[in-house]
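Since the structure comes first, as structure tokens, the remarks are kept for the end.
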Amino acid sequence: MARGGDTGAGDAEISGVYRSAQIARLVDELVDAQRRSAKDECLDRIDLLLRIADEQGDDRARASYEQLRDAVAGDRAIAQKALNELVIASTAPRPAGDPTSAIRPLYDVVAGRARRRADPALRALRDATGKCCASSTR
């Protein structure tokens, strides 16, 4: 039990952290399934994300997930930009009132191949995190 008998805030924090980790895992699995062109797996992960959005009452996330589902169901690949935005959104800082706002997941990002111009995903990561990404040449 929490000190002072207030278990509600502790339970909400644990539930929020668990839910954030669950969303991040599902997004990672969705990206992997999309990379492998595994349509059924993509649809399964999107359906789970939709269920979480419904449980949280997050209409904005639900609308975004529905667009992804429609694209996959229509045999269209999910645009790389949409996948990048989904990954960034799944790790975005929470609003100040959210009990999980102090907890931010960490990810290592590795660019698959060198390009002459900055990759939009790296640019979005820099903007979202406020940090500069180190680059290396091989």
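Read the figures in this text as sums done on the coordinates, not as results from a lab. Computed from a predicted model, the values in this text were never measured in an experiment. Virtual Cβ from ideal backbone geometry, glycine too; neighbours counted across all protein chains shown.
Within the set of other residues whose C-beta is less than 12 Å from the C-beta of E55, count the net charge using Lys and Arg as +1 and Asp and Glu as -1.
+1
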At 7 Å along the Cα-to-beta-carbon direction for both T129 and E85, put a label point, then send me their distance in nm to one decimal. 2.2 nm
Expressed in nanometres to one decimal, the distance between label points 7 Å along Cα→Cβ at R19 and E66 is 2.0 nm
